[in-house]
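Q: The structure that follows is given in the form of C-alpha cells.
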Amino acid sequence: MAPTSTGLIATGMIEGAFDADMVKRMVPMQRVGQPAEVAHLVAFLASDQASYISGQVISINGGMV
C-alpha cells in the first residue's frame, strides 16, 4: 500500500489552530480536507482496484507544497 501525505484535515487536532483567512493563504484549494476524503483514499488503496499501485506517495493536502 502506498503511504499518504496529508495537509490540514478537519479533526480535533487542528481545531482552533487555523482561522479561515490563514487556511485560504496556506491551502491552494482554500479549505481544510474532510476525514471522509482521507477515508475514501484509504478505501481505494485497500481495494483490488489499486492492486497494481506500488511505491507511491499520494498527497491529500489540497495542493499544499
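Q: May I ask you to list the chymotrypsin sites (Phe, Trp or Tyr not before Pro) in the chain that are in a DSSP loop and have at most 15 other Cβ atoms within 10 Å of their Cβ?
A: Loop-located and lightly packed - PHE18, TYR52.
Q: Right, here's the next one. Between ASP48 and ILE14, how many nm apart are label points set 7 Å from Cα along the C-beta direction?
A: My value for the distance between the label points is 3.5 nm.
Q: With every protein chain left in place, what is the accessible area per residue of the chain in square angstrom, probe 1.4 Å?
A: 74
Q: Return the label of the correct value of volume of the Cα convex hull per residue in Å³, as calculated from the structure shown, out of [x] 83; [y] 119; [z] 91.
A: [x]
Q: Let me ask something else. Expressed as an acute angle from 0 to 90° and rounded to the nearest 10, what is the orientation of the C-alpha long axis of helix 35-46 relative to the principal long axis of the chain?
A: Here the helix axis deviates by roughly 10 degrees.
Q: In the stretch 11-65, carbon and sulfur make up what percent of the accessible area (probe 1.4 Å)?
A: Solvent-exposed carbon and sulfur of the stretch 11-65 make up 58 percent of the total.
Q: In addition: With an 8 Å Cα cut-off and a minimum separation of 6 or more residues, compute the relative contact order for the chain in percent.
A: Normalised by residue count, the contact order of the chain is 58 percent.
The values are calculated or read from the model by the stated rules, or taken from the named source; none is laboratory data. What you see is a predicted model, and the numbers here were worked out from it, not measured in a lab. Note that we place each Cβ from the backbone using ideal geometry, even for glycine, and neighbour counts take in every protein chain shown. Heavy atoms of the whole protein, side chains included, go into the accessibility calculation; ligands, DNA and RNA do not. Shrake-Rupley method; radii C 1.70, N 1.55, O 1.52, S 1.80 Å.
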